[in-house]
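Asker: The structure is given below, and queries will be raised subsequently.
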Amino acid sequence: MLVLTRKLGESIAIDDHIKIVVVQIKGKQVRLGIKAPKETKIHREEVYQAIQDQNTEASQSTPADLARLNEDFGKK
């Protein structure tokens, strides 16, 4: 892991397309701004993990599970 120290207004460049900027420091919180191409997916870690968990569950579903979901969805 690379660990860097940045001050307010300073940034970090990742490749040629992503820039992370320190936009606010308030107590123990640091607000970051991220400039990246629109096709780049950016999530908070807990959201990313929830997406991964849902994808794993979906990939382990049986055809019967999917049929049941489709039936339930059609009733709404």
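Every number in this text was worked out from the coordinates using simple rules, so none of it is lab data. Please read these numbers as outputs of a predicted model, since none were measured by experiment. Note: ideal-geometry Cβ built from the backbone for every residue, glycine included; neighbour counts use all protein chains shown.
Asker: Taking GluC sites (Glu not before Pro) as candidate sites, keep only those in a DSSP loop with at most 11 other Cβ atoms within 10 Å, then name the longest stretch of the chain containing none of them.
Answerer: Free of exposed loop sites, the longest segment is 40-76.
Asker: Give me the dipole magnitude in Debye, nearest 20, for the chain about the Cα centre, with unit charges on the beta carbon: positive for Lys and Arg, negative for Asp and Glu.
Answerer: 620
Asker: Could you pull out every residue, at least 5 positions away or on a different chain, whose amide H is within less than 5 Å of the one on ARG6? Hs are placed 1.01 Å off N in the peptide plane, and Pro or chain starts have none.
Answerer: Residues meeting the criterion, in which the H sits 1.01 Å from N, do not exist here.
Asker: Based only on Cα atoms, what mean projected area does the convex hull of the chain have, in nm²?
Answerer: Across all orientations, the chain yields a mean hull projection of 8.9 nm².
Asker: Angle between the Cα long axis of helix 63-75 and the longest principal axis of the chain, 0 to 90 degrees, nearest 10?
Answerer: 90
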